[in-house]
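Down below is the structure, laid out as structure tokens.
The values are calculated or read from the model by the stated rules, or taken from the named source; none is laboratory data. Values in this document were obtained by computation on a predicted structure and should not be read as measured data. All Cβ positions, glycine included, derive from the backbone under ideal geometry; neighbour counts span all protein chains shown.
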Amino acid sequence: MHKGFLKTAALLGALAVILGAFAAHGLKKVYTPDNLQVFETAVRYQFYHVFALMAAGILYASFPGKLLAWAGKLFITGIIIFSGSLYVLCYVKYSEMSLNWIGAITPLGGVCFIAGWALVFTAVLKRN
């Protein structure tokens with residue numbers, strides 16, 4: 001389980017760098033400042049939770065169990081839902097499509113992040 005988290009974190013981290021560079025160099029010319037700020041928020045939270053996923057993978061070696069396994073899964077799910085919905089929302093606004101409701105699922109990703117952090121805390125606490 002922990003190696004899978006570390007591999008996934010590495011891939012999602014590389015993707016965050018690519019998307020951040022894309023925003024800074026490509027999207028800056030075509031996105032509005034507000035839309036660019038939303039995109040940058042998505043990249044920032046993706047990066048934060050790449051490190052959380054790495055920590056869950058590393059901690060799993062010392063604190064193996066379902067709690068850390070679920071924490072890692074929630075961090076991955078949170079990245080997909082939170083950051084992913086913001087990326088899609090930016091594209092929708094740029095392309096003037098009428099799918100603005102996609103932003104309504106973003107908080108579900110935030111809940112996944114919060115739950116993941118709570119499970120990391122609980123997993124470490126239970127081992128004392």
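From the list 12, 119, 108, 27, the lone residue that is out of contact with any Gly (no Cβ under 7 Å at 6 or more places or on another chain) and at pLDDT below 95 is 27.
Of the helices (runs of 4 or more DSSP H) entirely within segment 14-128, those holding at least 2 residues that are over 11 Å from the mean Cα position of the chain (by Cα) and surrounded by fewer than 14 Cβ atoms within 10 Å (Cβ to Cβ) occupy 33-62, 106-126. In segment 40-61, the residues that are free of Cβ contacts under 8 Å to residues at least 40 places away in the same chain and closer than 15 Å to residue 121 by Cβ form no Cβ pair under 7 Å with any partner that is among the aliphatic types (A, V, I, L, M) and outside any helix (DSSP H, G or I), whether six or more places apart or across chains.
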